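See below for the structure under consideration.
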Amino acid sequence: MKRERSRCAFLLGALALVLPLAAGSAVAARAPEGKPGAVGKVRTASAEEKQFAVPTPPFTPGIFPCSECHKEMKPNPTRRELKDEHTNIVLNHAQGQRWCLDCHDISNRDKLHLVSGEKIGFDESYRLCGQCHGDKYRDWKVGVHGKRTGMWNGEKQYLLCVHCHNPHDPRFKPLAPLPPPTRPENVK
Amino acid sequence: MSNQESRATPAFRMSRRKMMKGVAAVLGALALPEKDAPASVWESFFQKHFREMSKPELEKVLARLEKEYSEKYRKAVKVRATPPIEGVLYGYGLDLSRCIGCRRCVYACVQENNQSRDPQIHYIRVLQLNKERGVDLEEAEHYYNPSKVPEKGHFYMPVQCHQCENPPCTKVCPVQATWKERDGIVVVDYNWCIGCRYCMAACPYGARHFNWKKPGLPAAEMNPETHYLGNRPRPVGVVEKCTYCIQRVRNTPGRYTACVEICPVGARKFGNLLDPESEIRYIIENKRVFILKEDLNTRPKFYYFYAT
Ligand code: SF4
Ligand code: SF4
């Protein structure tokens with residue numbers, strides 16, 4: 001701090017000259033160049049599905065593998081309200097049109113299935129979501145929609161859609177904010 | 001000229017000269033470290049500007065700082081001076097259609113970058129705006145504190161240093177204590193900053209912060225992975241700012257910034273503007289993007305966008 005004062009004193013004269021000049025140039029208007037948002041080259045999505053590094057799906061503890069409970073049960077494909085198990089699941093996701101077996105596979109309980117019939121693991125559930133939410137899926141793959149962490153110039157981890165959105169009730173849940181900054185009048 | 005006058009004038013000159021000498025002595029005493037100050041204080045006093053130090057000189061300085069900080073914070077503190085990566089120009093994206101205003105980023109930044117807890121310094125300010133009015137900074141509120149966010153009818157716009165390509169802040173610095181690095185990060189040499197705060201006046205984004213008091217950084221919370229131009233402990237009387245977590249992003253491979261890592265909705269994006277495959281380039285090429293106060297020609301490398 002002391003040394004800083006010395007430099008300050010040393011340069012005091014010069015400062016008075018510099019400031020107005022620099023401030024002037026800072027606001028000088030010039031035609032904006034390279035305006036972002038312009039149409040760029042179109043990327044071609046590769047046809048085959050790339051595997052993404054994702055953490056373990058957020059299963060309710062003790063619920064997976066599903067086949068544990070389901071192996072003794074006779075599959076019942078009839079659309080109905082579940083009365084005995086999974087009663088905590090309230091479907092708030094295109095409820096009129098959807099039900100369990102649209103996504104969960106009836107013959108292999110530990111899998112999900114796509115409309116094509118292809119069975120996929122829960123760690124690939126983004127492919128299932130992507131069937132309806134194609135635009136979000138496209139953005140997710142390039143790292144624009146959703147969260148990805150890791151290295152900006154190396155390995156990246158993706159979160160699955162279901163890490164942020166409960167698949168049965170997908171709206172993002174509000175959070176408590178962290179405290180606001182101290183107001184100037186409260187600074188001591 | 002009367003006798004009296006001719007006597008009076010030299011008398012006055014004498015006294016002025018004496019006064020000037022007195023001023024010089026006071027200034028000198030203020031400026032120089034005390035006679036018996038520790039050697040490190042003298043060394044840092046005569047330390048060169050960051051950009052003028054030779055490699056061995058820099059290494060000596062880094063070693064001195066590491067020792068000083070390690071003793072002060074009672075842990076092994078690393079002070080690096082990792083240079084920019086060739087072919088990299090950092091860019092930042094923030095999805096305004098996603099941010100929920102939760103301020104997780106604000107506190108992750110404080111922790112990562114060793115900001116003062118008391119008095120408080122925040123590099124990121126999250127503005128709450130009205131959906132109907134759009135980006136109207138006059139109406140912005142950053143002290144909002146409801147029980148849950150997002151609040152109906154509002155959206156949020158975090159503001160931090162935009163790492164301007166044409167930064168007004170560096171131009172006004174009378175001692176060149178702040179400058180733009182080759183990778184676009186605007187940095188401050190805290191050993192060179194004289195605390196005149198001209199840069200704060202020049203920055204149109206309120207992105208620079210002054211240490212009015214000795215920064216309050218609890219030893220236990222001190223992040224020991226530091227960079228000379230970034231999150232190393234700051235003295236009182238200097239200006240500091242966001243450096244895109246220079247201590248993280250300049251490594252190969254380089255981590256994402258702390259605010260990108262924490263954001264629960266993934267609203268924050270970061271990457272190399274010169275890499276056509278990076279997410280930041282994808283955003284600029286494919287999304288509705290805007291920069292703040294475009295008319296000032298600061299040319300920020302911080303892009304707000306709407307993913308939907
Ligand atoms: S946002 Fe402010 S501090 Fe950051 S580079 Fe621009 S003028 Fe400088
Ligand atoms: S952490 Fe993300 S969602 Fe929360 S305020 Fe910051 S940018 Fe917005």
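The values are calculated or read from the model by the stated rules, or taken from the named source; none is laboratory data. Please read these numbers as outputs of a predicted model, since none were measured by experiment. So basically every Cβ, Gly included, is an ideal-geometry build from the backbone, and we count neighbours across all protein chains shown. Side chains included, ligands, DNA and RNA excluded: accessible areas come from the protein's heavy atoms. Shrake-Rupley method; radii C 1.70, N 1.55, O 1.52, S 1.80 Å.
Remark on residue B:270: its backbone amide H falls under 5 Å from those of B:93, a criterion applied only to residues 5 or more positions apart or on other chains, H modelled at 1.01 Å from N. Could you state the angle between the C-alpha long axis of helix B:55-73 and the longest principal axis of the C-alpha atoms of chain B, as a value from 0 to 90 degrees rounded to the nearest 10? Long axis of B:55-73 versus the principal axis of chain B: about 80 degrees. What the Cβ-Cβ distance of residue A:86 and residue B:86 gives, at R0 = 51 Å and to the nearest 0.05, is a FRET efficiency of 0.40. Here is the list for the stretch B:45-147: GluC sites (Glu not before Pro) lying in DSSP coil, each with at most 10 other C-beta atoms within 10 angstrom of its C-beta, are B:86, B:132. Over the stretch B:207-284, the reciprocal of the mean inverse Cα-Cα separation, the Kirkwood hydrodynamic radius, stands at 14.6 Å. Toward the positive end of the charge dipole of the stretch B:91-133, with +1 on the Cβ of Lys and Arg and -1 on the Cβ of Asp and Glu, the farthest Cα among B:99, B:120, B:109 is that of B:99.
Is the stretch A:43-188 best put as rounded, prolate or oblate by its Cα gyration tensor, with a ≥ b ≥ c the root eigenvalues, rounded for a/c under 1.5, and otherwise prolate when a/b is larger than b/c, oblate when not? It is oblate, given that a/c is not under 1.5 and a/b is not larger than b/c. Using equal-weight Cα scatterers in the Debye expression, the normalised intensity of the stretch B:151-294 in log10 at q = 0.12 Å⁻¹ is -0.58. Residue A:159 sits with roughly 50 Å² accessible to a 1.4 Å probe, with DNA, RNA and ligands left out of the calculation. Scanning chain B for chymotrypsin sites (Phe, Trp or Tyr not before Pro) in DSSP loops with at most 11 neighbouring Cβ atoms within 10 Å leaves B:144-308 as the longest stretch between them.
Please work out, to two decimal places, the log10 of the ratio I(q)/I(0) at q = 0.24 Å⁻¹ from a Debye calculation in which every Cα of the stretch B:103-181 carries one identical scatterer. Reported log10 I(q)/I(0), two decimals: -1.14. Put simply, the amide H of residue B:121, placed in the peptide plane, has neighbours under 5 Å in B:116, leaving out anything fewer than 5 places away on its chain. Subtracting the Cα-Cα distance of residue B:111 and residue B:213 from their residue separation scaled by 0.36 nm leaves 34.9 nm.
Temperature 20 °C, viscosity 1.002 mPa s: under these conditions the Stokes-Einstein estimate for chain B, based on its Kirkwood radius over C-alpha pairs, is 99 µm² per second. Note on chain B: with a GNM built from Cα contacts shorter than 10 Å, the maximum mean-square fluctuation among B:207, B:108, B:76 falls on B:76. Full extension of the chain segment joining residue B:274 with residue B:147 gains 41.6 nm, where the gain is 0.36 nm per residue of separation less the Cα-Cα distance. Charged side chains reduced to their Cβ positions (Lys and Arg at +1, Asp and Glu at -1) give the stretch B:199-274 a dipole of some 140 debye around its Cα centre. Kindly express, to the nearest 10 degrees and within the range 0 to 90, the angle between helix B:3-31's C-alpha long axis and the longest C-alpha principal axis of chain B. With rounding to tens, the tilt is 40 degrees. In a DSSP loop and with at most 14 other Cβ atoms within 10 Å, the trypsin sites (Lys or Arg not before Pro) in the stretch A:75-150 are A:79, A:80, A:83, A:98. Placing +1 on the Cβ of every Lys and Arg and -1 on the Cβ of every Asp and Glu, with nothing else charged, gives chain B a dipole about its Cα centre of roughly 860 debye. When the accessible areas of A alone and B alone are added and the area of the pair subtracted, with a 1.4 Å probe, the result is around 6100 Å², both sides summed. Pairs to check: A:147/B:152; A:173/B:131; A:119/B:152; A:111/A:136; A:173/B:78. Give those whose C-alpha atoms are more than 28 Å from each other in this structure. Over 28 Å apart, Cα to Cα: A:119/B:152; A:173/B:78.
In debye, nearest 20: dipole of the stretch B:80-236 around its Cα centre with unit charges on the Cβ of K, R (+) and D, E (-)?
Roughly 340 debye for the stretch B:80-236.
Computed over chain B, the per-residue total of -39500 (n - 2.57) for DSSP H runs of n ≥ 4 gives a 222 nm mean residue ellipticity of -8500 deg cm²/dmol, rounded to 500. Skipping prolines and chain starts, which residues have an amide H placed within reach, meaning under 5 Å, of the one on residue B:126, given they are 5 or more residues away or on another chain? It is B:159, by chain and number. Histogrammed with a bin width of 5 Å, the alpha carbon distances of the stretch A:61-146 distribute as 3, 11, 20, 23, 21, 13, 6, 3, 0 percent, first bin at zero. Each residue of the stretch B:239-249 was assigned a 3J(HN,Hα) from its phi angle through the Karplus curve 6.51 cos²θ - 1.76 cosθ + 1.60 (θ = phi - 60°); the sequence is 9, 9, 6, 5, 10, 6, 6, 3, 5, 9, 7 Hz, with glycine and proline shown as x.
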